[in-house]
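**Student:** Input: one structure, supplied below.
The values are calculated or read from the model by the stated rules, or taken from the named source; none is laboratory data. Here the structure is a predicted model, which is why all the values come from computation and not from measurement. All Cβ positions, even for glycine, are placed from backbone atoms using ideal geometry, and neighbour counts span all protein chains on display.
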Amino acid sequence: MTITLVGQENEKAIKADVETYFALLQEKKISDALDYVHPDLLAMVGKAMFEQQYNAMLNNAKMDVNFGDLTIESVSEIFQSTEKGSFALVDYQFQMNYVINLENDQAKNIMISALKKQYGEAGFSQDGNKVQVTSARQMFVNSRSDFEGWRILDYEAGMRIMLVSIISEEVLTHFGK
């Protein structure tokens, strides 16, 4: 009974932190949203660099970008790492909404084609200059004694080399990554 309650409380806290992160992105409060990103990743790349990249994407005259809905599909059980704290793997879907502001049809088609390639056909829809993509993704969340709450590390297989300095091999192996 106690284990179940602890698990439910962790899942509730994880969902709350992930939802807050995405809500801040939707509101374009990038600096505040980055407070939910794992501090080791921010230290590696720099919060200012992340903020600059997000702002460049969100304030592009050629393409209006907005974060759409978030759906948390599942939260794994918590795995306690011997060195790096508690981890869970979150499966989620989110939407990105684009309005492409280009007069040149060839440039517009190249941009639309790039979005289709990045997100895949399954989650892609287009209505004129408006494009909506729905992407199924995974993220690790981590809780440690040196920070409050659950911090986010988006997961892509290509990022494994970088993530292994933050997430131990033990954690990656546990989650089959």
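**Student:** GLU156 - would you say it is at pLDDT 90 or above and acidic (Asp, Glu)?
**Tutor:** Working: at pLDDT 90 or above: no; acidic (Asp, Glu): yes.
Answer is no for this residue.
**Student:** Being surrounded by fewer than 16 Cβ atoms within 10 Å (Cβ to Cβ), of a type in the set (Val, Ile, Thr), more than 22 Å from ALA13 (Cβ to Cβ) and modelled with pLDDT under 90 narrows it down to one residue among VAL164, VAL99; which is it? Walk me through it before giving the result.
**Tutor:** Details: VAL99 fails: modelled with pLDDT under 90.
After ruling out the rest, the residue left standing is VAL164.
**Student:** State which residue is surrounded by the most Cβ atoms within 10 Å (Cβ to Cβ) when the search covers only region 103-160 and only residues that are under 30 Å from GLU83 (Cα atoms) and of a type in the set (Asp, Glu).
**Tutor:** ASP154
**Student:** Of everything in region 29-85 that's modelled with pLDDT under 90, in a loop (DSSP other than H, G, I, E, B) and not β-branched (Val, Ile, Thr), which residue is nearest to GLU9 (Cα to Cα)?
**Tutor:** The qualifying residue nearest to GLU9 (Cα to Cα) is LYS84.
**Student:** Suppose the filter is within 14 Å of the chain's Cα centre (by Cα) and either farther than 19 Å from PHE94 by Cα or loosely packed, with under 15 Cβ neighbours inside 10 Å (or both); does GLU9 pass it?
**Tutor:** no
**Student:** Would you check which residues across region 49-62 are out of contact with any helix residue (DSSP H, G or I) (no Cβ under 7 Å at 6 or more places or on another chain), in contact (Cβ under 8 Å) with a residue 24 or more places away in the chain and closer than 20 Å to PHE94 by Cα and list them? Give the steps one after another, and end with the answer.
**Tutor:** Taking region 49-62 and keeping what is out of contact with any helix residue (DSSP H, G or I) (no Cβ under 7 Å at 6 or more places or on another chain), we get 49, 52-53, 56-62.
Then drop every residue that is not in contact (Cβ under 8 Å) with a residue 24 or more places away in the chain, which leaves 58, 61-62.
Result: LEU58, single match.
**Student:** Further, regarding this structure: How many residues are small (Gly, Ala, Ser) and in a helix (DSSP H, G or I) if we restrict to region 160-177?
**Tutor:** Filtering region 160-177 for residues small (Gly, Ala, Ser) gives 165, 168, 176.
When the remaining residues are screened for being in a helix (DSSP H, G or I), the result is none.
Residues that pass the stated criteria total 0.
**Student:** Let me ask another. Out of ASP91, ASP64, I need the residue that is among the acidic types (Asp, Glu) and either touching a Leu at 6+ places or on another chain (Cβ under 7 Å) or over 24 Å from VAL141 (Cα atoms) (or both). Which one? Talk me through it step by step, then tell me what you get.
**Tutor:** Details: ASP91 fails: either touching a Leu at 6+ places or on another chain (Cβ under 7 Å) or over 24 Å from VAL141 (Cα atoms) (or both).
Only one candidate qualifies: ASP64.
**Student:** Based on what the data block shows, is ARG160 basic (Lys, Arg), more than 22 Å from MET111 (Cβ to Cβ) and in contact (Cβ under 8 Å) with a residue 12 or more places away in the chain?
**Tutor:** Details: basic (Lys, Arg): yes; more than 22 Å from MET111 (Cβ to Cβ): yes; in contact (Cβ under 8 Å) with a residue 12 or more places away in the chain: yes.
Answer is yes for this residue.
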